[in-house]
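Structure, as structure tokens:
Please treat every number below as a calculation from the coordinates, not as lab data. This is a predicted model, so every value here is computed, not measured. Counting neighbours? That spans all protein chains shown, and the Cβs are built from the backbone with ideal geometry, glycine included.
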Amino acid sequence: MRYEKSERLLRLCLMMSGSHQGISLGRIMEEFEVSRKTAERMRDAAVRLLPNVIERTDETGVKYWRSEETPRAMVEIAPQDIVELQLAADLLDGTNRGHSATVLRNIADRLAARQPDKWLRRAEPDMEMMLESEGLAHRVGPRVRIMDDTFRLIRSAILSTRVLRLTYSGRLNRDERELLIEPYGLLYATRPYLIGKVPGKSDLRHFRLQGISAAALSDTSFLRDESFDLDTYRRQFFGSFREPPFECVWKFNPAAAEDAAEYIFHPDQKTERTTDGALIVRFRAGGALEMSWHLQTWGDAVEVLEPFDFWQRAAASRSFLVQAGGVEVPDNRN
């Protein structure tokens, strides 16, 4: 887009000004999805624009840059900024994160309150018009109900590395039972899950938040596995079902290739076009049943090339849930 480079440079300047530790080339490459050379050019441009840029090198030899000052023009608030916060809050409301939505709305209100009366008189009509034109943002389809207090308590337990005491009923075993859980993080999907360990066990497990009928912080702390990284962990799964990852290769026919190319099916996916215009998508993840549910929306426009027994894997997962839970799990391939 015409102004994309300028917007990215402005964003980098704000990152350098808003970070106490500074921004490394690796962070620039990751944040903006650019090569090292492009990251170096962006850094040099930001250094020229910002006053009092400090360069430091950490104990591993990685260099960081930050600015001690931010030009006022870079941090001025526009009406659209307030509107975007309000719309983001609406989206959070639609994904069972009412507490986070309230925090965002409070931030938007505080930002607006800090502006002079002249700004407010000029901006308020524009903000009302933008909100009306944007409409309320909602995630379509059903969602589960989760109490805000549950989210807040889990977040507090994660940050303080405190063991959680839960009254819990699973998807398969509906009988309520008392559990002690060492919380590690949250996975947000159609059903939000708590990732955690049972004390004394080494494996991570997923607990449905709507299965928690009561929760409390215990007085016991736990030693968190420092090697755990939530982003790395979530990349093992297509959705939220736990299953060992496997190699996936999907082929979208030429008629569907352009549409499929607009999707990110997995964060680590690799794509290629064939000579006839088809799209090949490759990634590694677990969750055959959830993959099958998504693939069914594409009909005969997609073919699973790997694994060769994909549909048998999905059927086995479905059968396990039906037999163990005594409930019907949809199979919409027909």
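What the table shows:
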| quantity | calculated |
| --- | --- |
| Rg(Cα) / (2.2 N^0.38 Å) computed for region 148-232, rounded to two decimals | 1.01 |
| DSSP-assigned coil residues among GluC sites (Glu not before Pro) in region 1-61, each with at most 14 further Cβ atoms within 10 Å | 33, 59 |
| Low-density loop positions, GluC sites (Glu not before Pro), region 251-326 - DSSP coil, at most 14 other Cβ in 10 Å | 262 |
| Using a Förster distance of 41 Å, the FRET efficiency for residue 217-residue 38 (Cβ separation, nearest 0.05) | 0.35 |
| 252, 265 arranged by Cβ crowding within 10 Å, fewest neighbours leading | 265, 252 |
| Electrostatic dipole magnitude of region 235-325 [Cβ: Lys, Arg +1; Asp, Glu -1; Cα centre; debye, to 20] | 360 debye |
| Region 4-74 - convex hull of alpha carbons, volume per residue in Å³ | 79 Å³ |
| Förster-model FRET efficiency, 51 Å R0, residue 49 and residue 176, C-beta, rounded to 0.05 | 0.30 |
| Centroid-to-centroid separation of region 185-227 and region 273-298 [C-alpha atoms, Å] | 30 Å |
| Over 27 Å between alpha carbons, listed pairs 37/63; 197/270; 63/270; 5/63 | 197/270; 63/270 |
| Efficiency of FRET between residue 227 and residue 117 - r from beta-carbon atoms, R0 56 angstrom, step 0.05 | 0.60 |
